[in-house]
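Just below is one structure, and these are the notes that go with it.
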């Protein structure tokens, strides 16, 4: 049996690799697309590494709101993503591509490390993340990906504001009211208010158009099924993340 190459055919043949960043607001299908890209790559015989941080499942997985999920490696701000790949190579496993979900949480240095994997090791990187936080400001990871990625694509699945206009911005709602101050990262999902109630410590997110985000107008109470009901218990430090 032939030995497994350290990193796949691209290291041997030096075919160009790319850093691609897919971004959008909440509910636009980032995690679903991440899983689809991973599926399409793997079915062609390529070997990948899936990374995530602060997934809605509260576990080391990439999970989507439509019910798809796969296991992944959980990273944090101290993770050197280059070492994760090199450890796979050292164990005799190929890594032809890396899929990174929740890429907005990456540090600037981690984005640079991903670019290094692309340029020096010919590993394709597909990153998926939110464009802006609840204050309509770029996440640091998102900003660095905009600066360094070979390809930047806004995800084309349209998310609607309650008024019917395209939803572009993520609003944080605490106890039924939109807030503009607080930690950049707090884990919650887009469950309707009818699922969560209006307790002071209950958090959800809602996608709004620019006009209603600026005006702080949440519109009529949502009536659709929610995605995740928070218990109201304080979040542990490692759970602090925006969805």
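Taking 0.36 nm per intervening residue step and subtracting the Cα-Cα distance, what contour gain separates residue 80 from residue 42 on full extension?
Values: separation 38, 0.36 × 38 = 13.68 nm, distance 2.38 nm.
Once the chain is fully extended between residue 80 and residue 42, it gains 11.3 nm.
Considering only DSSP beta bridges whose two residues both sit in region 9-154, what percent are antiparallel, to the nearest 5?
Values: 4 of 24 bridges.
Taking every DSSP beta bridge within region 9-154, about 15 percent pair in antiparallel fashion.
How would 178, 26 line up from fewest to most surrounding beta-carbon atoms within 10 angstrom? Don't jump to the answer; show the numbers that get you there.
Values: 178 17, 26 22.
Ascending number of Cβ neighbours within 10 Å: 178, 26.
Peptides 153-161, 202-210: what's the order by average Cβ count within 10 Å, highest mean first?
Numbers: 153-161: 14.6, 202-210: 22.0.
Those peptides, ordered most packed to least, come out 202-210, 153-161.
Once the piece of chain linking residue 184 and residue 65 is laid out straight, how much longer is it, given 0.36 nm per residue of separation minus the C-alpha distance between them? Mind dumping the intermediate values first?
Working: separation 119, 0.36 × 119 = 42.84 nm, distance 2.23 nm.
Roughly 40.6 nm would be gained on extension.
Starting from the Cα-Cα distance between residue 137 and residue 151, subtract it from 0.36 nm times their residue separation and give me the gain in nm to one decimal. Could you put the intermediate results ahead of the total?
On the way: separation 14, 0.36 × 14 = 5.04 nm, distance 2.10 nm.
Gain on extension, residue 137 to residue 151, equals 2.9 nm.
Can you sort 80, 181, 124 so the residue with the fewest Cβ neighbours within 10 Å comes first?
Numbers: 80 12, 181 7, 124 24.
Least to most surrounded, the residues fall as 181, 80, 124.
Compare the peptides 41-47, 92-98 by average per-residue count of other Cβ atoms within 10 angstrom and give them in order, highest first. Present the calculation step by step, with values, prior to reporting the outcome.
Values: 41-47: 12.7, 92-98: 20.1.
Peptide ranking by packing, descending: 92-98, 41-47.
Modelling each spin label as a point 7 Å along the Cα-to-Cβ direction, I'd like the residue 90/residue 109 distance in nm, to one decimal.
Taking the simple label geometry, residue 90 and residue 109 are separated by 1.9 nm.
Taking 1 over the mean of 1/r across every pair of different Cα atoms in region 9-154, what Kirkwood radius in Å do you get?
Values: mean 1/r = 0.0660 Å⁻¹.
Computed over region 9-154, the radius equals 15.2 Å.
Remind me, relative contact order of region 9-154 in percent, using alpha carbon pairs under 8 angstrom and six or more residues apart?
Numbers: 287 pairs, mean separation 52.5, N = 146.
RCO, region 9-154: 36 percent.
Here, each number is a calculation from the coordinates, and none is a lab measurement. Note that the structure is a prediction, hence the values are computed from the model and not measured. Please note: Cβ atoms are built from the backbone with ideal geometry, for glycine as well, and neighbour counts cover all protein chains shown.
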